[in-house]
Structure formats: C-alpha cells, structure tokens
Amino acid sequence: MNTKKYNERLKQLVWDCNYKHASSDIVLERAINYGGIDFIDEVIKRYGEDKFLDILVNRRALNKQAVSYWCIKYNIDIKQTATFKTPAFWSPF
C-alpha cells in the first residue's frame, strides 16, 4: 500500500484527531476495529507484529468478531484477550 492510500485510509479511521499525531496504539486499535485486511497488513509492517499482538490481547474495547479472526490467524486463545475477559458493559438480555 502506498503512502498516499495509507494516509487517506488513516484519515478515515482517525477522524476525531489529527491523523499525523495519532499514537500507534490508536492507529492499531482503529485498524483492528474498522480497517480491512490490507490496511492491517500495512499497519503491522509499520508498527510491528509484536505491537499489533500486544494491542490485540490487551485492549478491551475491540470488536469481538475482529479479535476472534486475528486470534484464529495467530493461534491465540480468545479467552486470554481483554476483549473476552471483560464482561459487557450492557447486555440487553
């Protein structure tokens, strides 16, 4: 992914702050929640797989479907992720 395309996608994901000053944690979290596979691959190249996995395992406000997918891909037990350890804030049932 070229820099121009990356920056355009990043602007969309980090709409609430200046994308040029967004921390790696914010970029990775938004990529997991809202980015496509190609964008996440680029983010992993830029910030490293270890940082990506740290965010995946330790952030609790991530999309459960996305976490499940990446846990399968990286052979991580989803029960070890903060997303699945933390009870839901609100449950309608």
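The values are calculated or read from the model by the stated rules, or taken from the named source; none is laboratory data. Keep in mind that what you see is a predicted model, and the values were worked out from it rather than measured. Glycine also receives a Cβ, built like all others from the backbone with ideal geometry; neighbour counts cover every protein chain displayed. Each accessible area value is taken on the protein alone, full model and side chains, heavy atoms only, with ligands, DNA and RNA left out. Shrake-Rupley method; radii C 1.70, N 1.55, O 1.52, S 1.80 Å.
Any residue in region 7-31 that is closer than 20 Å to Trp70 by Cα sitting within a Cβ distance under 6 Å of a residue that is assigned to a helix (DSSP H, G or I) and open to solvent by 60 Å² or more (accessible area, probe 1.4 Å)? List the pairs, counting only those 6 or more apart or interchain.
Leu13/Tyr34; Ser24/Tyr47
Within region 68-90, how many residues are surrounded by 15 or more Cβ atoms within 10 Å (Cβ to Cβ) and of a type in the set (A, V, I, L, M)?
3
Limited to region 40-87, what total is found for residues that are over 22 Å from Val14 (Cβ atoms) and small (Gly, Ala, Ser)?
1
If a residue counts only when it is within 22 Å of Thr81 (Cβ to Cβ), touching a Leu at 6+ places or on another chain (Cβ under 8 Å) and open to solvent by 90 Å² or more (accessible area, probe 1.4 Å), which helices (runs of 4 or more DSSP H) contained entirely in region 1-67 have at least 1 such residues?
Those helices (runs of 4 or more DSSP H) span 24-34.
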